[in-house]
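Accompanying notes for the structure given below.
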Amino acid sequence: MPCKDLTEILTLTIDTKDRLIDYTLNKKSCSKPIGDQSLLLSLLKNKTTENILNLSGKDLIPPDEKDFNEIFLFEKHFNAIKHGIKAFLGDKSKSLHQYFRTSVKKIVHSEGSINIEVEISLNISGGKSTSAQNLSQIKPCCKTCTFRG
């Protein structure tokens, strides 16, 4: 994800029993998936939002996984899902917003499910993130990238 725009779009589908049915995680600027756009779906599908919020990211990483990039993607997807659910539920706790800025952009009710679109960006002004210092070193991911900061 070498683009300077660090904003992501998380789309969650939750059924009437409060269970995760589907999700995707994509870059906002170019709509490209972040790794596999539904990397954790096989592990989280049909779990309630409460169950997901009580999990740790370490619970989802295969014990034999040693590839740093894969571990990073697992954690990135899990944190996005967790923060997306918290934003949807109206959680305003300080820990949620220390490093991430989440905003529910759209909620669509359909028969049997709710589709939620959440925008997630790095909160550069908050917390002790060093990301602001490194943003100038990030190169656009491709010539079609819509962000040219």
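Values for this structure:
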| read-out | value |
| --- | --- |
| Gained length - N79 relative to N115, 0.36 nm times residue gap less alpha-carbon distance | 11.1 nm |
| Mean Cβ neighbour count within 10 Å, used as a protection proxy, ranking 14-23, 76-85, 101-110 highest first | 76-85, 14-23, 101-110 |
| Compactness of the stretch 49-90 as Cα Rg over 2.2 N^0.38 Å, two decimals | 1.24 |
| Among 63-75, 41-53, the order from most to least packed when residues are scored by Cβ within 10 Å on average | 41-53, 63-75 |
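Where a number appears in this text, it was derived from the coordinates with a stated rule and is not lab data. Just so you know, these numbers come straight off a predicted model, no measurement behind them. Here the Cβ is made from the backbone with ideal geometry for all residues, glycine too, and neighbour counts use every protein chain on show.
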